[in-house]
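The next block holds one structure in the form of structure tokens; read it before the comments.
The values are calculated or read from the model by the stated rules, or taken from the named source; none is laboratory data. Bear in mind that the values here come from a model prediction, so they are computed numbers and not experimental data. No Cβ is skipped: glycine too gets one built from the backbone with ideal geometry, and neighbour counts run over all protein chains shown. Ligands, DNA and RNA are excluded from the accessible area calculation, which covers all protein heavy atoms including side chains. Shrake-Rupley method; radii C 1.70, N 1.55, O 1.52, S 1.80 Å.
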Amino acid sequence: MTTNEILSTLPRDERLAGRTAIITGSTSGLGEATAHVLAASGAHVVVHGRSTERAARVADAIAAGGGRASVVTGDLASSPTAARNFAARATDALGGRVDVLVNNAGIFPVGPTATLPDDDVAALLATNVRVPHDLVGALAPAMAARGSGVIVNITSWMAHVGTPGVGLYPATKAALEHLTRAWAAEFGPSGVRVNAVAPGATLTPGNEASLAILEAMTAAAPAGRIGRPIDIAHAVRFLASDEAAYVHGTVLDVDGGIVAARVG
Ligand SMILES: NC(=O)c1ccc[n+]([C@@H]2O[C@H](COP(=O)([O-])OP(=O)(O)OC[C@H]3O[C@@H](n4cnc5c(N)ncnc54)[C@H](OP(=O)(O)O)[C@@H]3O)[C@@H](O)[C@H]2O)c1
């Protein structure tokens, strides 16, 4: 089945009924699948990206499946004020309460350390580290004051392996994994659970030009296949749900075993 077929035929349930969720970067790829899956479990979701047109398309598809989605767009990396402004607009769209924040929006330019363009360095640090920091700073205090909330950070299997010519992108995800633990310590005692999902090589619009590389990367992992956005979305839903009530500060590898083992 294609991702579109999977997302348009999701089984519906009530495990997130009455909850609200922001999924950053949900106009595409892993975030789009996550928005669909959380909505299929009853959450009112904010669909977000820079493109209003694509966000509206995703929200319409969620609504067509019986889910509830609002569109709130914006370039989060442009300034801390833009990220905080987005947090406020998304909170309003969700009726004033955010139960779940999924920090998914991310970029992944790579290249040798000596020649990685300065603009890429700045954009990686802003999008992958500063934006989640700004959003958690804007949204977690209200969750803590209420005594409940969930934050799920999307990191990467690449944060766990040194790879030549791919230094800063994984480092931003390693930073986000540390923030996951730090935020679990900072907000967990107030009832806010903070965890991360570390996806493996997963085919999305963001990397479909590298299909052959993804196939080669995943061939020797236990799963022996490229990841699907739905694989990641299901893990996010678990961490967002009450089934994960005792899970704090962890990084859940959803990577087909690419970090843990080699076959053959
Ligand atoms: N695909 C993989 O193999 C893989 C593996 C490990 C981790 N990840 C992580 O998973 C996350 C999603 O990856 P993906 O493959 O689904 O990427 P994708 O298809 O390129 O989608 C990225 C999303 O992030 C949004 N975004 C990017 N920069 C933004 C900004 N400055 N402001 C607002 N939104 C922004 C994009 O929105 P617009 O396009 O509408 O602007 C889009 O919705 C990323 O954090 C990535 O690092 C991916």
Electrostatic dipole magnitude of the chain [Cβ: Lys, Arg +1; Asp, Glu -1; Cα centre; debye, to 20]: 420
Lys/Arg +1, Asp/Glu -1 at C-beta; the chain dipole; positive extreme among Gly74, Val150, Gly227: Val150
Of Thr113, Thr27, Thr52, the one that fluctuates the most in a GNM where the chain has Cα springs shorter than 10 Å: Thr113
The chain - accessible surface per residue (Å², probe 1.4 Å): 43
The chain, Cα convex hull volume normalised per residue, Å³: 122
Pairwise FRET efficiency - Arg15 versus Asp119, Cβ, R0 = 41 Å, nearest 0.05: 0.45
From the C-alpha gyration tensor of region 116-264, square roots of 5λ in Å: 28, 19, 12
Spin-label pair Thr163/Glu208, simplified geometry with 7 Å Cα→Cβ offset, distance in nm: 2.0
Computed magnitude of the charge dipole of region 158-227 (debye, nearest 20; Cβ of K, R +1, Cβ of D, E -1): 140
Kyte-Doolittle mean at least -1.0 and Cα axial length at least 15 Å: DSSP H helices in the chain: 29-40, 52-64, 80-93, 131-146, 168-187, 229-240
Exposure ranking of Leu38, Leu203 by accessible area [1.4 Å probe, largest first]: Leu203, Leu38
Portion, in percent, of the accessible area of the chain that falls on carbon or sulfur, probe 1.4 Å: 56
